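The structure appears below as structure tokens.
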Amino acid sequence: MPSKYLIHPVDAPNRNAPLSKSGIIAREEGCLKCPVCVKTKCVYNVYKDRKLDPIKMVDSLDYNCKNCFRCIQSCPKQLIHKSFHQEFEQMGQYPFTSEVIAQIWQQATTGKVPVSGAGYHGPFSGPGFDSMWTDMSEIVRPTRDGIHGREYISTAVDLGDKPDHLSFHEISQGKDHPLVTIPLPILFRLPAVGGIGSNTLKGWGAAARYLGTLISLSKAHLWMVSPKVVQNTIIELDSSHDLMNFQDPLGIEISSELNWEDLYSSAKEIYPHKLIILRVPLKNGFVEVIKRAYEYGIRLIHVQASFEGSFFDSGLHIKDGIRKVHLSLLDMGVRDQVTVLASGGIALAEHVAKAIICGADAVFVDTALQVALECRLCRRCELEIGCPADIQSASPLWVARRSINLMSAWHNQLLEILGAMGIRDIRRLRGETGRAMLFEELERETFRGLNKIREGEEIELS
Amino acid sequence: MSSVSGITPVITPSRFRNPISKYTFYRSKDCIACGRCAQVCKYGVHKIQRKTVRTVLPQYCVGKDCPNPCHKECPKGALHIEINPDFTALGDLRWTPDLIVSTWFMAETGEPPKGGLEYKVGDSKGGFDRLRFKFKSGIQRAVEELREDEIDLSVPLNRRDDGSFKLVMEIPFYGGGMSYGSVSINTMVSRMRAAKILGTFCSTGEGGYPEEIKPYDDHVITQVATGLFGVREETIKRVRFMEFKYAQGAKPGLGGHLLGDKVTESVARMREAVPGFPLFSPFPFHSVYSVEDHKKHVDWIKSINPKIVVAVKVSTPVDVDMVAIGSYYAGAHVVHLDGSYGGTGAAPDIAKKNIAMPIEYAVPKVHRYLVNEGVRDRITIIASGGIRTAHDAAKIIALGADGVCIGTADLVALECVRCRNCESGRGCARGIATTDPELTGLISVDWGTQRIVNMYVAWCKILKDILKKLGMKSIKELVGQKDCLVHLDHMETNYK
């Protein structure tokens, strides 16, 4: 086994005060000026840490408040109250809801797995990845000394051409089977949201290099990253003119929307030792494209979903798309020779695990990288109004730390999912739908008979 | 029959001077202190004190369900009622503000809410929250005449003829494991005392057996979990009921973790560990890799205390039915299924949301399987993990459980606001899940005990009401009666 993969997070505090769900509003009118104000007794020292005079303190305390309600319930004149931040509620866009954004910010700051008490607080199930649960094992352990022990769980995956056998003939002809192992089943891709400045790109590039993963970008962006990072890049081709004169990227990505057959042939000729990926947008007929691509010799497929993680021409979710590709390749008997990458709608660590369960080898993370830099998805940048988080002014070091922290938290969360299932290698998770529980199936199995009301029966009102 | 009918609730108000009520009142300067509002309100919300009118018990207001609302009676139009903004800031989709405040109402009064609060379901848009009881209009009358104490809520825990204690819990609830260390000693003793008063049991959790709970030995479930913290032969001999914790719903397949901050001198002594260092309870039992190994475990316990009743607490994987049957064949009396949406202590969010199945799916699956195997009447199924209300309990029993295990609702009765910061700093700001001496002092054992007893007294009233409407005399009749339920999302579906 390769040596244990560790990501070392370094605290990267927010540059702006983050929005939180609710804050405190304290009125001054009617204040009794108690000698010991309840605010001074805050268990979390919220008021003290802000260095506010408790008597004069009238403004709202944003993200520091931990919602214990002690001051609200103790003020003798009932002058302290909670109130929601409308800005928080309106923030985001599915699947990056305000809660998901807040969670990403927290992970990007500390690099730690989000932990909370008092059980689960969200909806029973939901669309997309929220209609799946993952399995656990009562007695099978993945390792002898815990998921963070000396025996470890591998999250490494292989990208590239994986022939089921080698032939002497091919070897003597110098045919290569390019293959790259990355220690994390996550690759970076530039988000479609937000302007991307050179500082940001430098930061992401450095993070990708530190993590040992790849970053996919267009030729126009290549000059912005440090030369050392070039070997961790995948270049997205816009046209055949692009093919010449880049430095030395690790891979090339061709879109199936272009004349990919020609592009692939010329790319393969010029760069026989590089990974060549075909990016296929999820829409009607995508499976046929992939089948043809296989016949053509392409061994890396990138299925691309929309920002929301759905098909471009229907409401189907990316998980259905991945499943279809996986099963078609299985039917063709070639699944193990092909690497399937997926992008779009990956907002949380659990989405990575679930995409892999559906049949992907690895996923691209894009918008989440932007959100890690305090993006609120307000899309003011698209209207060329200033960015409230002023992301472009952030230093490359801070950008890199925030991205590394997010990946550190995601890596540990993947370990939690794998550990619970008793699996020691993420490659074994691929396509394991038997270790997932699907909402539709369970609903049908459990509640199918509970749909009739007979004469003389009535439903209890809630 | 049921001892709970004999318990008179004692009014036990909030510890804080400002209770959070759903409705809040504003009096303008036009108020002439005529006292009309106090006069019309039969819930005692308003009171005349020293020639002024004050709102003293806003938490008793039934809001929209009030037959003659005070604010409409006010001759000067000076009284306004509104939804309290602090109330709306409480809770979440599973524990809505309504559920939290109605649980507080029950813990204060021992009565189900009289109106204005949704105390039956939350807003999670699935599972319990979309299941409803359906009642036959005719049947109710036949049992309507029954007195409350004639309806039986007791659940036998030992259905094997193996010479072990024939334990029965008088109400279909027992207290889930919350260890000394994760919760304060006052919280722990309150729960144990309440269990004794109610004629049921409460688990120690994995953190040892503090001397303070010794008076309640007969009502203690001693937990043997993977870290074996505080497990001694002596504590196993002391009790009549023990549980093996294989996994827990909130972090299935992952171990427990008590942060260093919470490991105080006394916690460390109890757990035979060093103060200030975090304690990991590993996953899984490092001596159990098969049903045979599990049998060996049960035999070990039985060699220490031959008559002890054994529960096995497991989570809800894909093959939860196999786990249950395995537990049965290894000699367990009780299989305790802990669904994925519950838990009280700190756990990774990813685990709580994604790993293992919700209890609403697991219980019917296990029930069906054990019936088909012909052993259902020899083992007791206890369900937990996201059971918040008496209605949730009744629903899961109708889906196939015999009884339920409660954790979070007990804490809400002690005025937990579900801020979810159990793990941070000095621990719970409300004095529940903490080992900080000052914060622990926020709860007195008497107050805590009575709040928990009150809540269960109210729950039993609700359960008896449901049973009456179904024409049943015993909670045992409800087990597995799925036909009493409809699922609102499936009403439109035509299954072949």
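Please compute, for peptide A:413-422, the average count of beta-carbon atoms on other protein chains lying within 10 Å of each residue's beta-carbon. Write down the numbers at each step before the final one.
Values: counts 5, 1, 1, 9, 7, 1, 6, 14, 5, 4.
Going residue by residue through A:413-422 and averaging, the value is 5.
On the principal axes of its alpha carbon atoms, the stretch B:416-496 extends 59, 31, 16 Å, with the longest extent given first. Residues whose amide H comes within less than 5 Å of that of B:HIS257, counting only those at least five positions distant or on another chain, are B:SER281 (H built at 1.01 Å from N in the peptide plane). In terms of its C-alpha gyration tensor, the stretch B:1-82 has a prolate overall shape, because the principal axis ratio a/c (a ≥ b ≥ c, square roots of the eigenvalues) is not below 1.5 and a/b outweighs b/c. Remark: mean inter-chain Cβ contacts per residue of A:67-76 equal 6, using a 10 Å Cβ-Cβ cutoff to other protein chain atoms. Working note: Karplus 6.51/-1.76/1.60 with θ = phi - 60° gives the stretch A:442-449 the couplings 5, 4, 5, 4, 8, 10, 4, x Hz, where Gly and Pro are set to x.
Please determine, in degrees from 0 to 90 and to the nearest 10, the orientation of helix B:359-373 with respect to the longest principal axis defined by the Cα atoms of chain B, where the helix direction is its Cα long axis. It is inclined by approximately 40 degrees. Taking R0 as 35 Å, what FRET efficiency do you get between B:THR8 and B:ARG54 from their Cβ-Cβ distance, rounded to the nearest 0.05? The calculated FRET efficiency here is 0.75.
Give the order of A:ASP262, B:ASP98, B:ASP321 when sorted by the count of other beta carbons within 10 angstrom, beginning with the fewest. Show your work: numbers first, answer last.
Values: A:ASP262 11, B:ASP98 21, B:ASP321 18.
The order, fewest Cβ neighbours first, is A:ASP262, B:ASP321, B:ASP98.
Seen against the Cα atoms of chain B and their longest principal axis, helix B:185-198 is set at about 90 degrees.
Whole-Hz Karplus values for the stretch B:170-184 come out as 6, 10, x, 10, 10, x, x, x, 10, 6, 5, x, 7, 10, 6 Hz, taken residue by residue from phi with 6.51 cos²θ - 1.76 cosθ + 1.60 and θ = phi - 60°; glycine and proline positions read x. The angle separating the long axis of helix A:318-331 from the principal Cα axis of greatest extent in chain A is about 30 degrees.
Look at the stretch B:218-230: the mean tally of other chain Cβ atoms within 10 Å of its residues' Cβ atoms is 0. Could you give the distance between the Cα centres of the stretch A:106-138 and the stretch A:356-382, to the whole Å? Their Cα centres are 17 Å away from one another.
According to the square roots a ≥ b ≥ c of the eigenvalues of the Cα gyration tensor, what is the shape class of the stretch A:367-462, taking rounded for a/c under 1.5, prolate for a/b larger than b/c otherwise, and oblate for the remainder? Since a/c reaches 1.5 but b/c is at least a/b, the shape of the stretch A:367-462 is classed as oblate.
Here the sum of -39500 (n - 2.57) over DSSP H runs of 4 or more residues, divided by the residues of chain A, equals -8500 deg cm²/dmol at 222 nm, to the nearest 500. In order along the stretch A:262-273, the phi-based Karplus estimate (6.51 cos²θ - 1.76 cosθ + 1.60, θ = phi - 60°) of 3J(HN,Hα) comes to 5, 4, 4, 4, 5, 4, 5, 5, 6, 10, x, 9 Hz; Gly and Pro are listed as x.
Which order do B:CYS460, B:CYS419, A:CYS387 fall in if you start with the one that has the fewest other Cβ atoms within 10 Å? Write out the running numbers ahead of the final one.
Values: B:CYS460 25, B:CYS419 21, A:CYS387 18.
The fewest-first ordering by Cβ neighbours comes to A:CYS387, B:CYS419, B:CYS460.
Modelled spin labels at B:ASP483 and A:GLU269, positioned 7 Å past Cα toward Cβ, are 7.6 nm from each other. Protection proxy ranking of A:26-33, A:196-203, B:249-256, A:276-283, by the mean of other Cβ atoms within 10 Å over each peptide's residues and highest first, is B:249-256, A:276-283, A:196-203, A:26-33. Shown here: the protein assembly as shown, whose C-alpha atoms stretch 94, 72, 64 Å along the first, second and third principal axes, sorted largest to smallest.
What does the helix-only formula give at 222 nm for chain B: each DSSP H stretch with n ≥ 4 adding -39500 (n - 2.57), the total divided by the residues, and the result rounded to the nearest 500 deg cm²/dmol? Don't jump to the answer; show the numbers that get you there.
On the way: 17 runs with 152 residues, N = 496.
Result for chain B, helices only: -8500 deg cm²/dmol.
Between B:LEU399 and B:GLY480, the built amide H atoms are under 5 Å apart, and every one of these is 5 or more places off in sequence or on another chain.
Computed over the alpha-carbon atoms, the stretch B:148-490 gives an Rg to Rh ratio of 0.94, Rh here being the Kirkwood radius from the mean inverse distance. Taking amide H as placed 1.01 Å from N in the peptide plane, the amide H of B:ALA225 sits under 5 Å from that of B:LYS245, each at least 5 places away or on another chain. Among B:SER179, A:SER172, which comes first, then next, by fewest other beta-carbon atoms within 10 Å? Taking fewest neighbouring Cβ atoms as first place, the list is A:SER172, B:SER179. Under a model in which nothing but the beta-carbon of Lys, Arg (+1) and Asp, Glu (-1) is charged, chain B shows a dipole of about 1320 debye around its Cα centre.
Once you have a ≥ b ≥ c as the square roots of the Cα gyration tensor eigenvalues for the stretch A:170-322, tell me rounded if a/c is under 1.5, and otherwise prolate or oblate according to whether a/b is larger than b/c. Cα axes put the stretch A:170-322 in the oblate bin.
With a cut-off of 19 Å on the backbone N, the residues of the stretch B:470-491 near the modelled label site 7 Å out from A:ILE459 along Cα-Cβ are B:470, B:482-491.
A short reminder: the numbers here are calculations on the coordinates, not readings from a lab. Keep in mind it's a predicted model, so treat the numbers as computed, not measured. Please note: Cβ atoms are built from the backbone with ideal geometry, for glycine as well, and neighbour counts cover all protein chains shown.
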